[in-house]
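Below: one structure, written as structure tokens.
The values are calculated or read from the model by the stated rules, or taken from the named source; none is laboratory data. Just so it is clear, the structure is predicted and the values come from calculations on it, not from any experiment. Neighbour counts run over all protein chains shown; Cβ positions are idealised from the backbone, glycine included.
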Amino acid sequence: MTARVASIEPPRQTVYTEAMEVFQRASDLIGLDRRVRMELEEPDYEHIFYVTVKLHTRLTPLPASEQPRYKDLPDSELLPDGLEPLLDGSFVFKRRALINANVFMRDGVVRLKGKGLYKVVPGRPERFKAYRVQHNQARGPYKGGTRFHQDVSLDLFKVLAAEMTWKTAIADVPFGGGKGGIKVDPKTLSSEELEALTLRYMYRLKPLIGPNLDIPAPDVGTDGTIMGLLLRQFTDGERERHSLRGVVTGKDTRIGGSEGRVRATGQGLAYCIQEWYADRGSVPAGSRFVLQGFGNVGSNAAEILSGMGSKLLAVNDAGGTIFNPNGIDVPDLVSYVYDNPSNMRRTVAGYPKAQQISKNDLWEVDADILIPAALGGEITGPVAERLKVKLVAEGANGPTTPEGDRVLAKRGIELIPDIIGNAGGVTVSYYEWIQNKRMEHWSETEVNGRLEQAIKSNYRIIRDISRNTPRRTATHNSQRYCIGREVDMRTAAMVLALKRIEAHYQLEGFSQ
Ligand code: NAD
């Protein structure tokens, strides 16, 4: 008989434990109070729930192997208005398609004039997995985006919610951290289905959130329209609906959104880059940058930087990669991606005034700045080895892996970490929330003036922590935060976050 030996297994490595490495490192460095550390190591609440929606009838392309059987099927004529095209090549069928229609159907197959053969797939209910992680509220209500994407998981939302706790502390806005969303590819749904899914999500979420409790915002796959739906569903039937307007941020400016919110994350990143150059006695004008992601953050950062005289050389997004050594005209690319109805994927791929290159080649473009503004985990160790830039300015959340970080440091490539680089969004979200509370509407000049001052002063504090140069100037005071030794910028940002959060526990104490 063999004796069983209890093995002490090392903790399971997950995206969450990996993302928390910098938290652990900074906690060790500042000797973070043991109990505060435990409060922050795991989220306060992890909500997982399910949302059902009735999907409409679809016409999906008939596989080529089945097509010969329907050679003789005559054309059907349906009102084009009643067929909503989806990215997977199918159509969502709406009843109005039958107005004055001429339909020939055999075994549920129809031939659409000029389009080919389609199989009718009857509408059915579908179940989607939904999340809201509430990480910490020591400094104020939970705050964080809503992501609709097919690759989300509880672990990912834990990472993103914790990032929000650090980011709100670094931005010095009175919020904690949260994040949530739905496991769904929104591009596979019709506009009506997406609306129904969004409303149902809020129906389930309503008991868990509120303007003084947890405040969602847009993230990947959601926008101001979705925020408007979330607002309506939350306030529907309430006696004092107008006082609840701050339950979501990122709304359209006509329904309580803030001027400058749409561009805020890109704007904040541009302010950080400007400050990076100012510190070297220079300006971004004349620099060259490479971009990953041409969505909200990427396209706005590109527009603002090119307005400052910086040249965009290459862009990669989910659809492809483009490169022009002479520079890409950003407003022209924006209109190619966003104003062109046939560009349904809103991709830079196929842009005629640049070469199409592979994603692999993007990393080797010789430039001054790389801006990752797509998804997380893109700048791995091997990618970091190949970069030919001086500065990585993170627009996306978590774009650099811990190994990527080590390689960047080894190669002397500087970093503007995500928690300050993309903090512009949450800073202006705070301005939106406060405008909603006060029933005010600020001008874009006022918003950007406040944003510039906030981002740059917090950036300077992080830089001082990193270089261990405690200072008190007219715009910032880093004396309380420096730790007596130099640290990298990502650790410095985390030190700032933890010291600001710890102060709440130290000065307010713990409720039992
Ligand atoms: P978005 O949906 O508007 O755009 C995402 C972009 O990334 C698109 O251009 C898409 O084509 C590209 N992309 C997606 N998958 C890709 C892949 N595998 N390879 C290359 N490109 C890919 O999203 P967004 O709002 O611009 O957000 C981008 C990032 O910034 C996310 O990490 C998000 O969490 C972060 N962020 C956004 C905000 C905000 O205010 N929007 C604030 C803070 C952080």
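Considering the range 148-236, the qualifying helices (runs of 4 or more DSSP H), each wholly inside and each with 2 or more residues that are within 12 Å of the ligand (Cβ to nearest atom) and farther than 11 Å from Arg132 by Cα, run over 154-170, 224-235.
In the set (1) closer than 22 Å to Ile48 by Cα; (2) surrounded by fewer than 24 Cβ atoms within 10 Å (Cβ to Cβ), the condition left unmet by Met164 is number (2).
In this structure, Leu117 does not satisfy being under 20 Å from the mean Cα position of the chain (by Cα), surrounded by fewer than 21 Cβ atoms within 10 Å (Cβ to Cβ) and of a type outside the set (Lys, Arg). Residues being of a type in the set (D, E, K, R) and free of Cβ contacts under 8 Å to residues at least 40 places away in the same chain are entirely absent from the range 313-326. So, Asp366, is that one under 21 Å from the mean Cα position of the chain (by Cα) and away from the ligand (no atom under 16 Å from the Cβ) or not? Considered against the rule, which asks whether it is under 21 Å from the mean Cα position of the chain (by Cα) and away from the ligand (no atom under 16 Å from the Cβ), Asp366 comes out as no. Taking every residue in the range 391-411 that is without any contact (Cβ under 8 Å) to a residue 24 or more places away in the chain and on the phi < 0 side of the Ramachandran plot and pairing it with any residue that is more than 12 Å from the ligand (Cβ to nearest atom) and in a helix (DSSP H, G or I), at least 6 positions away or on another chain, the pairs with Cβ-Cβ distances below 6 Å are Glu403/Gly381.
Here is a yes/no grid of residues against (1) more than 16 Å from the ligand (Cβ to nearest atom); (2) closer than 21 Å to Val262 by Cβ; (3) modelled with pLDDT of 95 or more:
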| residue | (1), (2), (3) |
| --- | --- |
| Thr347 | no, yes, yes |
| Lys353 | yes, no, yes |
| Glu378 | no, no, yes |
| Val383 | no, no, yes |
| Pro402 | yes, no, no |
| Ala423 | no, yes, yes |
| Gln435 | yes, yes, yes |
| Thr445 | yes, yes, yes |
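Among the residues of the range 82-105, which ones are outside any loop (DSSP other than H, G, I, E, B) and surrounded by fewer than 12 Cβ atoms within 10 Å (Cβ to Cβ)? Hits for the range 82-105 are Arg95, Asn102. For the range 259-300, the set of residues classified as of a type outside the set (Val, Ile, Thr), farther than 17 Å from Ile455 by Cα and within 13 Å of the ligand (Cβ to nearest atom) consists of Leu291, Gln292, Gly293, Phe294, Gly295, Asn296, Gly298, Ser299, listed by residue number.
Just for the range 410-421: of the residues that are among the aliphatic types (A, V, I, L, M) and at pLDDT 95 or above, which one is surrounded by the most Cβ atoms within 10 Å (Cβ to Cβ)? Explain how you work it out, then say what you get.
Let us first name the residues in the range 410-421 that are among the aliphatic types (A, V, I, L, M), namely 413, 415-416, 419-420.
Filter once more, so that each one left must be at pLDDT 95 or above: 413, 415-416, 420.
Working: Ile413: 17, Leu415: 22, Ile416: 26, Ile420: 31.
Checking each candidate, the answer is Ile420.
Taken over the range 239-255, the criterion of being modelled with pLDDT of 95 or more and among the acidic types (Asp, Glu) is satisfied by Asp252 alone.
For beta carbons closer than 9 Å, sequence separation of 6+ or different chains, a first residue in the range 472-484 that is surrounded by 12 or more Cβ atoms within 10 Å (Cβ to Cβ) and a second that is among the polar types (S, T, N, Q), the qualifying pairs are His476/Ser457; His476/Asn458; Asn477/Ser457; Ser478/Thr469; Cys482/Asn468; Cys482/Thr469; Ile483/Asn468. Tallying residues that are in contact with a helix residue (DSSP H, G or I) (Cβ under 9 Å, 6 or more places away or on another chain) and crowded, with 18+ Cβ neighbours inside 10 Å within the range 173-192 yields 12.
Scanning the range 375-385 for residues that are under 21 Å from Val348 (Cβ atoms) and either in contact with a Leu (Cβ under 9 Å, 6 or more places away or on another chain) or without any contact (Cβ under 8 Å) to a residue 24 or more places away in the chain (or both), we see that the one that is surrounded by the most Cβ atoms within 10 Å (Cβ to Cβ) is Ile379. Restricting the first member to the range 418-446 and to residues that are touching a residue at least 60 places away in the same chain (Cβ under 8 Å) and under 30 Å from Leu391 (Cα atoms), and the second to residues that are of a type outside the set (A, V, I, L, M, F, W, C) and away from the ligand (no atom under 16 Å from the Cβ), the beta-carbon pairs closer than 7 Å and six or more apart or on different chains are Tyr431/Arg450.
Can you report the number of residues in the range 266-296 which are modelled with pLDDT of 95 or more and within 21 Å of the chain's Cα centre (by Cα)? Steps first, please.
Initial filter on the range 266-296 (modelled with pLDDT of 95 or more): 266-294.
Next, only the ones that are within 21 Å of the chain's Cα centre (by Cα) stay: 266-273, 289-294.
The qualifying residues number 14.
How many residues, within the range 395-412, are part of a loop (DSSP other than H, G, I, E, B), out of contact with any strand residue (DSSP E or B) (no Cβ under 6 Å at 6 or more places or on another chain) and not hydroxyl-bearing (Ser, Thr, Tyr)? Even if it seems obvious, please write down each step before you answer.
Pass one, the range 395-412, residues part of a loop (DSSP other than H, G, I, E, B): 395-399, 401, 411-412.
Still in the list and also out of contact with any strand residue (DSSP E or B) (no Cβ under 6 Å at 6 or more places or on another chain): 397-398, 401, 411-412.
Narrowing the set further to residues that are not hydroxyl-bearing (Ser, Thr, Tyr) leaves 397-398, 411-412.
Final tally of qualifying residues: 4.
In the range 186-210, what residues are within 14 Å of Val53 (Cα to Cα) and at pLDDT 95 or above?
Step one: list which residues in the range 186-210 are within 14 Å of Val53 (Cα to Cα), which gives 186, 188-204.
Those that are within 14 Å of Val53 (Cα to Cα) and at pLDDT 95 or above: Glu193, Leu194, Glu195, Ala196, Leu197, Thr198, Leu199, Arg200, Tyr201, Met202, Tyr203, Arg204.
Do you know which residues across the range 434-453 are farther than 20 Å from Gly268 by Cα and assigned to a helix (DSSP H, G or I)? Those that are farther than 20 Å from Gly268 by Cα and assigned to a helix (DSSP H, G or I): Asn436, Lys437, Arg438. Restricting the range 301-318 to residues that are near the ligand (Cβ under 8 Å from one of its atoms) and in contact with a Lys or Arg (Cβ under 8 Å, 6 or more places away or on another chain), the residue that is nearest to Pro218 (Cα to Cα) is Ala318.
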